[in-house]
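The values are calculated or read from the model by the stated rules, or taken from the named source; none is laboratory data. Small disclaimer: the values here were computed from a predicted structure and weren't measured. Glycine gets a Cβ as well: all are built from the backbone with ideal geometry, and neighbour counts include every protein chain shown. Keep in mind that these areas ignore ligands, DNA and RNA; they rest on the heavy atoms of the full protein, side chains included. Shrake-Rupley method; radii C 1.70, N 1.55, O 1.52, S 1.80 Å.
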Amino acid sequence: MATISPLVRISRELGKKVSRLSFGDPVAYVYNPLEYARAPHEAYLERYGAKTPREVLMLGMNPGPFGMAQTGVPFGDVTMVRDFLGITGEVSRPKKQHPQRLVQGFACPRSEVSGTRFWGFARDRFGTAERFFDRFFVWNWCPLVFMEASSRNLTPDKLRASEREPLFAACDQALGRIVETLRPRFVVGVGGFAEQRAHRTLGEGTPITIGCILHPSPASPAANKDWAGNVDRQLRELGIELEGANA
């Protein structure tokens, strides 16, 4: 039997745990790409997650409908995942799909702005995915996509308190195991929510430096004004130098 890598083991266990959870109104649809997009997701973990220790763990919140929901990769804009990360793979479908948010895998014609910005930053600063992942790794705290009946995206912090508790416990536990495996010096939330979960998971006495960068979502006015330049500054303020990159 083939040996399963630590990150793949963590991902599979998390995927099973969250698949057993149930969610009520206003959640009408839940997608779990750790299940239906397992092939490209695990290809990402195997290809880029093996090296330890890792200097920086970048932590996203949860998948976007045109990113990881399609490709199984954090900030997973199809073009970036295929052409920059070199990841492809078979993607099946969630059991229940919103007709306006169909999973088409790598055939999805829509781009994800957050993913284009995020991986575009890695490409422009480091040149190759290998050089970026030599120092960084990227993990989404929550693997699930939540949608209302209208197809509106719902973030985990907007769930009912009774639904948040078991979900947050599973995601925090997985994050703790990811940190134990990668042993990063820095955990950087992509947005304030991810930073909060890192603080909650790792505790006040952690020797790891925890901070955040501006989320690349186009819904954020600040992100639409030189997002990459802002990230350069924020990383350096945390003590993460990009010397040797193409910055």
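List of remarks:
Each row is one residue, and each column tells you yes or no for (1) open to solvent by 30 Å² or more (accessible area, probe 1.4 Å); (2) of a type outside the set (Ser, Thr, Tyr); (3) part of a loop (DSSP other than H, G, I, E, B).
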site	(1), (2), (3)
157	yes, yes, no
164	yes, yes, no
188	no, yes, no
193	yes, yes, no
199	yes, yes, no
219	yes, yes, yes
222	yes, yes, no
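- Inter-residue pairs, beta-carbon under 6 Å, first farther than 18 Å from residue 155 by Cα and in the stretch 213-227, second of a type in the set (Asp, Glu) and surrounded by fewer than 19 Cβ atoms within 10 Å (Cβ to Cβ), 6+ apart: none
- The residue of the stretch 4-26 that is nearest to residue 158 (Cα to Cα), among those that are part of a helix (DSSP H, G or I) and of a type in the set (Lys, Arg), is 17.
- All positions within the stretch 219-239 that are within 15 Å of residue 58 (Cα to Cα) and more than 20 Å from the chain's Cα centre (by Cα): 236, 238, 239
- Residues of the stretch 70-95 satisfying the condition of being out of contact with any Asp or Glu (no Cβ under 9 Å at 6 or more places or on another chain), within 15 Å of residue 38 (Cα to Cα) and buried (at least 21 other Cβ atoms within 10 Å of the Cβ): 73, 74, 81, 87, 91
- Unmet criterion (only one of (1) surrounded by fewer than 19 Cβ atoms within 10 Å (Cβ to Cβ); (2) not in a loop (DSSP other than H, G, I, E, B)) for residue 204: (2)
- Qualifying positions in the stretch 34-62 - out of contact with any helix residue (DSSP H, G or I) (no Cβ under 7 Å at 6 or more places or on another chain) and either more than 16 Å from residue 8 (Cα to Cα) or without any contact (Cβ under 8 Å) to a residue 12 or more places away in the chain (or both): 55, 56, 58
- Residue in the stretch 120-141 that is part of a loop (DSSP other than H, G, I, E, B), open to solvent by less than 10 Å² (accessible area, probe 1.4 Å) and under 29 Å from residue 23 (Cα atoms) present: yes
- The residues in the stretch 142-152 that are surrounded by 18 or more Cβ atoms within 10 Å (Cβ to Cβ) and either assigned to a helix (DSSP H, G or I) or out of contact with any helix residue (DSSP H, G or I) (no Cβ under 9 Å at 6 or more places or on another chain) (or both) can be counted, and the count is 1.
- The test for being farther than 23 Å from residue 27 by Cα, hydroxyl-bearing (Ser, Thr, Tyr) and crowded, with 18+ Cβ neighbours inside 10 Å holds for residue 181.
- Qualifying residues in the stretch 106-119 (those that are within 15 Å of the chain's Cα centre (by Cα) and hydroxyl-bearing (Ser, Thr, Tyr)) - the one most open to solvent (accessible area, probe 1.4 Å): 116
- Some residue of the stretch 42-51 being open to solvent by 20 Å² or more (accessible area, probe 1.4 Å) and at pLDDT below 95: yes
- Among residues of the stretch 92-114 that are closer than 10 Å to residue 69 by Cα, those with a Cβ under 6 angstrom from a residue that is open to solvent by 80 Å² or more (accessible area, probe 1.4 Å), sequence gap 6+ or separate chain, pair up as 103/93.
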